[in-house]
Amino acid sequence: AEAINSKIIKEIKIQIPDNESILSFQSLTDPIFQKIRHNVFQIQTLEKLRDTLLPKLMSGELRIKV
C-alpha cells in the first residue's frame, strides 16, 4: 500500500465544471432544496404543535370528540 503524500495529491486531476453545467445543475437542484427547507419548516411547526397539545391531552385538560 502506498501512503498519500503531497506529491500524489498534486498529481490528482480535478474536473471543474463550466458555468453552463453549474447553472444547469443548480436549476435542477434548487427546487429540491426549496422543498427540503419547506419540509424542515413544516416539521418544526408540527413538533411545536405536538409539544403544546400532547401534555394537555395526557392530563385531560384537552379532550377530543370521536
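Descriptive notes on the structure:
- Out of Leu28, Leu54, sole residue that is part of a helix (DSSP H, G or I), modelled with pLDDT of 95 or more and over 17 Å from the mean Cα position of the chain (by Cα): Leu54
- Filter result for Ile36 (β-branched (Val, Ile, Thr) and either outside any helix (DSSP H, G or I) or loosely packed, with under 10 Cβ neighbours inside 10 Å (or both)): no
The values are calculated or read from the model by the stated rules, or taken from the named source; none is laboratory data. The structure presented is a predicted model; accordingly, all values stated were derived computationally and were not measured. Using ideal geometry, Cβ is built from the backbone for each residue, glycine included, and neighbour counts are taken over all protein chains shown.
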